[in-house]
């Protein structure tokens, strides 16, 4: 029995780019690929080539616009209208009530929208540097709330670590908050920040010291 030989690095990157375009990666692999797209120009070019290569597959599917009556039915369900009788006070009253409800919804609905959910606070041992991790509406945002960016020639890099799994690179933490479109990280997973050379880890795994970490709560 012989082991399957490992792919050369270039072939492995090409296979990963194809799997990313096809959408067959699991969540940690997809997050890692998306983070790599932001920092690895060669990998981004491979993804673009695979997108162009797979594009002809879409030609077998024609656009099918929805029939006009479908939109009418949807509108009727979302915005039901009470019948108005000419000169009837009840119809005008209902119309006025509907208008008042619409105004109240316009004013107060934004107040009812969910705010950012706090996931974790990451802080260095001396407390001089800290980041807050929040999640809302499909976006994970990491904001520096204390301290300064990494020293010149270095950068803070964010990692997501599933229980018992390898770290997944999420992006570089610089002056502005880092926002990543992703599913909500699960409780028990760990967010960590390592100190890396400018441009991020060259290996896809932390190479510098991990300067802060925090487990995501329930």
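Read the figures in this text as sums done on the coordinates, not as results from a lab. Computed from a predicted model, the values in this text were never measured in an experiment. Don't worry about glycine lacking a Cβ; one is built from the backbone with ideal geometry, like all the others, and counts go over all protein chains shown.
Quick one: pull the percentage of alpha-carbon pairs in region 9-60 with a separation above 12 Å.
63 percent
Just want the ordering: 142, 180, from fewest to most Cβ atoms lying within 10 Å of their own Cβ.
180, 142
Fully extended, how many nm does the chain gain between residue 124 and residue 25 (0.36 nm per residue separation, minus their Cα-Cα distance)?
32.4 nm
Provide the gained length on full extension for the span residue 52 to residue 213, in nm with one decimal, where the gain is 0.36 nm per separating residue minus the Cα-Cα distance.
Taking 0.36 nm per residue and subtracting the Cα distance, the gain is 54.0 nm.
Do you know the relative contact order of region 123-218, to the nearest whole percent, from alpha carbon pairs under 8 angstrom that are 6+ apart?
Normalised by residue count, the contact order of region 123-218 is 28 percent.
If you average 1/r across every pair of different Cα atoms in region 126-201 and take the reciprocal, what Kirkwood value do you get, in Å?
13.0 Å
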